[in-house]
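Asks: Following this message is one structure expressed as structure tokens.
The values are calculated or read from the model by the stated rules, or taken from the named source; none is laboratory data. A quick note: this is a predicted structure, and the numbers were derived from the prediction, not measured. Ideal geometry is used to build each Cβ from the backbone, glycine not excepted, and the neighbour counts take in all protein chains shown.
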Amino acid sequence: MDPRIADLIKLLELEPLEVNLFRGESRDIGGAQVFGGQVLGQALSAASKTVEAGRLPHSLHAYFLRRGDFNAPIVYEVDRSRDGQSFSSRRVIAIQHGEQIFNMAASFQIVEEGFDHQIEMPQVPPPESLPDTTQPLKELLDRLPQRVQRFANQPRPFEFRMVQPVDYLAPRKSAPSRQVWLKAVSAVPDDETLHRCLLAYVSDFYLLDTSTLPHGTTFLSNNIIMASIDHAMWFHRPLRVDDWLLYVLESPSASGARGFARASVFSRDGRLVASTAQEGLVRVAR
């Protein structure tokens, strides 16, 4: 296994401290705080550890309350709200330095059969025909601000290939939508819950940034302040993050210094495996 994805899986395993209490480490991925996807994935992992085998996470709704400190561990406290015949409900609070930095509600379900329909996956070029955009080209990297170079140079456990490339140094106004192919850099063990936790982690990439596209700016602009406020996910079908997934993003609205974006996640064979939505602070500094 590639050490980058192996390290991420280790990050999601968590250390049990007591019944319903877990501790997680953090990684510095080049930002000023803990990456939100890490907290999302770890919280879902913590909740999953309190659910009986055979029940898979099908939805989560989370709020980011404070910046996380990647130099300190995060403690996850799980409340076993209810265990029914088919569903289990959990609440998770992430605590750091004695304060809540994040909370989440998640629901789990046994595998059942029922009605089955979905929207169609858009027609896009295959990932093999697109350049790897996980990290910027050196000639572009050298032109980025120092703070951004540090973020861009970090090793990534996922590979990204953008269908519509964005010129982050000279952004132009464009439609509030885009598609990105993504997958883990190497094979991941056959564990459906693990794959869903990993998808929660990577779903925090590109989502909120989509709301800046119609305005000809990006998160690199010195006058733009961006931060996640909430994040929701729904898992529809079995998935694998070590095969190409198409992340289809759109931003229906931005207002009140907040940007809203939602996305569908398709497997390469066209199955809709998950949906996600996020609202975040998108403030123009004065």
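Asks: Return the residue satisfying two criteria in turn: it lies in the stretch 241-286 and is of a type in the set (A, V, I, L, M, F, W, C) and over 21 Å from Phe160 (Cβ atoms), and of such residues it is farthest from the chain's Cα centre (by Cα). Steps first, please.
Replies: Here is the first cut: in the stretch 241-286, the ones of a type in the set (A, V, I, L, M, F, W, C) are 241, 244-246, 248-249, 254, 257, 260-261, 263, 265-266, 272-274, 277, 281-282, 284-285.
If we keep only those that are over 21 Å from Phe160 (Cβ atoms) too, we end up with 254, 257, 260, 281-282, 284-285.
Working: Ala254: 20, Ala257: 22, Phe260: 15, Leu281: 17, Val282: 18, Val284: 24, Ala285: 26 Å.
Selected residue: Ala285.
Asks: How do the strands (runs of 3 or more DSSP E) wholly within the stretch 68-141 filter down when requiring 1 or more residues that are over 30 Å from Arg161 (Cα atoms) and of a type in the set (Asp, Glu): which remain?
Replies: Values: elements: 74-83, 87-96, 99-110.
Result: 74-83, 99-110.
Asks: Here is a further query. Is there any pair linking a residue in the stretch 243-257 that is in contact (Cβ under 8 Å) with a residue 40 or more places away in the chain to one that is aromatic (Phe, Trp, Tyr) and surrounded by fewer than 18 Cβ atoms within 10 Å (Cβ to Cβ), with Cβ under 7 Å and at least six apart or on different chains, and which?
Replies: none
Asks: Which members of the stretch 163-178 meet the condition of being among the hydroxyl-bearing types (Ser, Thr, Tyr) and under 13 Å from Ser221 (Cβ atoms)? Before you say what the answer is, go through the steps one by one.
Replies: Narrowing the stretch 163-178 to residues among the hydroxyl-bearing types (Ser, Thr, Tyr): 168, 174, 177.
Listed by number, the list holds a single entry, Tyr168.
Asks: With the condition kept exactly as written, say whether any residue in the stretch 16-25 is under 25 Å from Pro157 (Cα atoms), basic (Lys, Arg), outside any loop (DSSP other than H, G, I, E, B) and more than 17 Å from the chain's Cα centre (by Cα). Reasoning before the result, please.
Replies: Initially, the stretch 16-25 is screened for residues under 25 Å from Pro157 (Cα atoms), giving 16, 22-25.
From what is left, the residues that are basic (Lys, Arg) are 23.
Narrowing further to those that are outside any loop (DSSP other than H, G, I, E, B): 23.
This time we only want the ones that are more than 17 Å from the chain's Cα centre (by Cα), so: 23.
Checked the stretch 16-25: at least one residue is under 25 Å from Pro157 (Cα atoms), basic (Lys, Arg), outside any loop (DSSP other than H, G, I, E, B) and more than 17 Å from the chain's Cα centre (by Cα).
Asks: In addition: Would you call Trp234 surrounded by fewer than 20 Cβ atoms within 10 Å (Cβ to Cβ) and within 13 Å of the chain's Cα centre (by Cα)? Explain how you work it out, then say what you get.
Replies: Values: surrounded by fewer than 20 Cβ atoms within 10 Å (Cβ to Cβ): yes; within 13 Å of the chain's Cα centre (by Cα): yes.
Here the answer is yes, as Trp234 does meet what is asked.
Asks: Of all residues being closer than 17 Å to Pro73 by Cβ and among the hydroxyl-bearing types (Ser, Thr, Tyr) in the stretch 1-53, which is modelled with the lowest pLDDT? Just the residue, please.
Replies: Once the filter is applied, the top-ranked residue is Ser26.
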